[in-house]
Amino acid sequence: MYLRQLMPGIILLLVCTSLAHAQQQKSLSQVDAETYSLFQKKEWQGLIKEGNEALQDGIDYYYLRVRMGIAYYETGNYHLASTHFEKAIKMNRSEEYLQEYLFYAYLLAGRSAEAKIVAADFSPAMKQKIKIGTVKFIEKLDLAYNYTGLSDQNVTDGFTASLSPDLEGSQFIPNQHHYFYAGLQHGFSPRLTLYHGISALQVSHLLYSQSEGEILLNRDYQSSLFQYYAAANVLLAKGLSLMGGLHYININYSLPVQSQVGQGPNVITQEINQTDTDMVYFGSLYKRWSFVTLGASYYYGTLANARQDQKDLKLILYPKGNLNLYTVSVLSHQRQQTATQPTTNHFVFEQQIGTKFNDNLWLEAYGSFGEMENFLLNDGIVVFNRLDKITQRIGARAIILPNPRWSITLDYTLFTNQSEFKTGGSESEPLNLQEYNIQSLTGILSWRF
């Protein structure tokens with residue numbers, strides 16, 4: 001009974017609200033006149049407000065999309081600018097200047113593959129104007145050097161091990177390494193690129209071992225690695241890309257081997273060179289929207305006489321609709337199996353934030369938290385196959401652009417690491433656990449052709 005008494009009032013309120021909205025709703029001619037006036041005055045925020053209200057009221061036409069696209073472009077929101085340019089071009093494909101706007105909106109938003117697809121349909125005059133031609137076989141060159149070393153040399157200089165003489169095994173503490181890298185990116189079509197690179201790594205370790213009652217302590221045990229990385233990236237559809245590739249690692253090191261001389265008790269120790277080969281295969285799928293990119297990666301590796309399955313979920317946010325501010329969050333699960341150790345499962349979380357400081361400088365800060373042993377980063381290009389474990393990684397980098405075609409990256413990372421004596425058994429507690437910090441400095445020179 002009470003509801004029946006209320007119904008006439010509710011209906012009257014709804015009718016009044018609808019009439020008020022209809023009276024406030026502007027006609028197409030009013031919207032066109034106001035947005036054109038704001039466009040001429042370059043009042044971009046006001047134009048965006050008026051345009052969004054018109055779209056909410058169901059008013060949508062070619063020049064409104066053009067004006068809103070330009071307004072978003074001028075305010076630096078290249079992701080939303082590209083959305084409006086795309087819709088305008090669907091309504092009218094004859095205006096080439098809109099394709100130019102869309103090309104730059106994609107480019108400035110970091111969507112280079114989609115920018116190439118737009119540029120492929122440019123007229124010869126437009127290609128000459130923006131100085132873009134056919135797909136280049138060599139698009140980019142990277143040269144890098146990295147130095148990584150212990151923060152405190154006493155970790156190796158003062159190393160001791162109080163272990164039962166019956167135990168047999170070894171312990172490594174990487175002391176320092178030098179890393180050299182060269183990479184090339186090739187273009188085969190607007191949708192398909194291939195990036196590959198080679199690297200050389202020279203490592204100095206502390207090696208402690210116990211075997212058959214003999215103890216060996218070498219504070220300058222050397223090993224070297226040669227690596228080849230290759231990844232193909234294909235744009236499947238607008239905002240959807242697939243990447244896949246491999247990382248090959250060739251490891252050279254020496255093993256001390258004792259042999260008896262003659263019939264007497266004389267024994268000599270010789271260094272025998274050994275070579276191991278490790279492989280990593282991976283695939284990644286990325287879907288990009290205006291402010292968000294979601295990614296999923298799968299890795300399969302055979303590192304350090306073990307098998308690794310790693311799954312990554314990645315979330316990239318662009319709060320301003322451009323590359324002036326971005327965050328990257330990655331959650332990883334890794335499962336590792338060996339012939340002698342129980343299967344391990346580890347979760348690692350990585351967080352990164354980057355911002356544009358000025359037209360020539362971007363700054364980034366990052367951190368990774370969780371146990372990283374034979375761990376993979378950045379679509380397989382970074383492999384943490386050290387002989388110890390990383391438990392934390394924090395760092396910062398500066399990306400300097402003195403010229404639109406080349407950039408310099410300077411990176412500093414501080415690692416927290418652990419090393420333990422490994423016997424090949426399944427000890428419940430780590431033996432001779434050592435904890436220490438490692439510093440890493442990286443310089444990268446990148447050139448775009």
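The values are calculated or read from the model by the stated rules, or taken from the named source; none is laboratory data. Fair warning: this is a prediction, and the values are worked out from it, not measured in the lab. Using ideal geometry, Cβ is built from the backbone for each residue, glycine included, and neighbour counts are taken over all protein chains shown. For accessibility, only protein heavy atoms count, side chains too; no ligands or nucleic acids. Shrake-Rupley method; radii C 1.70, N 1.55, O 1.52, S 1.80 Å.
Could you pull out every residue, at least 5 positions away or on a different chain, whose amide H is within less than 5 Å of the one on Ala304? Hs are placed 1.01 Å off N in the peptide plane, and Pro or chain starts have none.
none
Placing +1 on the Cβ of each Lys and Arg and -1 on the Cβ of each Asp and Glu in the chain, which of Tyr179, Thr302, Gly69 has its Cα farthest towards the positive end of the resulting dipole?
Checked the options; the winner is Gly69.
Given q = 0.14 Å⁻¹, what are the Debye log10 I(q)/I(0) values for the chain, with equal point scatterers placed on the Cα positions and solvent ignored?
-1.35
Would you work out the charge dipole size for region 311-406 about its Cα centre, treating the Cβ of every Lys and Arg as +1 and the Cβ of every Asp and Glu as -1, and quote it to the nearest 20 debye?
Computed about the Cα centre, the dipole is about 140 debye.
Need the list of lysines near Lys131 for cross-linking: C-alpha distance under 30 angstrom, and skip anything on the same chain fewer than eight residues off.
Lys42, Lys87, Lys90, Lys116, Lys140, Lys238, Lys287, Lys320, Lys356
Can you give me the accessible area per residue for region 319-449, using a 1.4 Å probe, in Å²?
It amounts to 50 Å² per residue over region 319-449.
Largest first and to the nearest Å, give the Cα extent of region 168-231 along each principal axis.
Each principal axis gives a Cα extent; for region 168-231 these are 63, 20, 12 Å.
If you build a Gaussian network model of the chain, linking Cα atoms that sit under 10 Å apart, which residue out of Gln153, Gln351, Gln56 swings the most?
Largest GNM mean-square fluctuation: Gln56.
Using only Cα atoms, find the angle between the long axis of helix 2-24 and the longest principal axis of the chain, and express it within 0 to 90 degrees, rounded to the nearest 10.
80
Ignoring ligands, DNA and RNA, what percent of the 1.4 Å accessible area of the chain is carbon and sulfur?
Ligands and nucleic acids excluded, carbon and sulfur give 58 percent.
Where the Cα atoms of region 314-379 are projected onto their three principal axes, how long is each span, largest first, in whole Å?
54, 19, 18
Rounded to the nearest 20 Debye, what is the dipole magnitude of region 29-99 about its Cα centre when Lys and Arg each give +1 and Asp and Glu each give -1 at the C-beta?
Roughly 160 debye for region 29-99.
Relative to the longest principal axis of the chain, what angle (0 to 90°, nearest 10) does the C-alpha long axis of helix 44-56 take?
The helix 44-56 is inclined about 80 degrees to the chain.
Full-extension gain between Phe188 and Leu55, please, as 0.36 nm times their residue separation minus the C-alpha to C-alpha distance.
Value of the extension gain: 43.9 nm.
Step by step: find N for region 88-137, compute 2.2 N^0.38 Å, then divide the Cα radius of gyration by it. What's the final number?
1.09
Please report, in whole Å, how far the alpha carbons of region 31-125 spread along each principal axis, starting with the longest.
Principal-axis extents of region 31-125 (Cα, largest first): 36, 25, 23 Å.
Quick one: which of 115-124, 97-106, 412-421, 65-74 comes out on top by average Cβ neighbours within 10 Å, and what's the full order, highest first?
Descending packing order for the listed peptides: 65-74, 97-106, 412-421, 115-124.
What size of dipole, in debye to the nearest 20, comes out for the chain about its Cα centre when the only charges are +1 on Lys and Arg C-beta atoms and -1 on Asp and Glu C-beta atoms?
2340
Most mobile of Leu28, Leu294, Leu315 per a Gaussian network model of the chain (Cα springs, under 10 Å)?
Checking each option, the largest mean-square fluctuation is seen for Leu28.
Output the direction-averaged projected area (hull surface divided by four) of the convex hull of the alpha-carbon atoms of region 128-209, in nm².
Projected area, direction-averaged: 9.4 nm².
Can you tell which of Leu401, Gln439, Thr423 lies farthest toward the positive end of the dipole of region 353-449, using +1 and -1 charges on the Cβ of basic and acidic side chains (Lys, Arg; Asp, Glu)?
Of Leu401, Gln439, Thr423, it is Leu401.
Please give the FRET efficiency for Leu331 paired with Tyr412, using the beta carbon to beta carbon distance and R0 = 25 Å, rounded to the nearest 0.05.
The value I calculate is 0.55.
Sum up the charges of everything whose Cβ sits under 13 Å from the Cβ of Phe349, counting Lys and Arg as +1 and Asp and Glu as -1, but leave Phe349 out.
The answer is -1.
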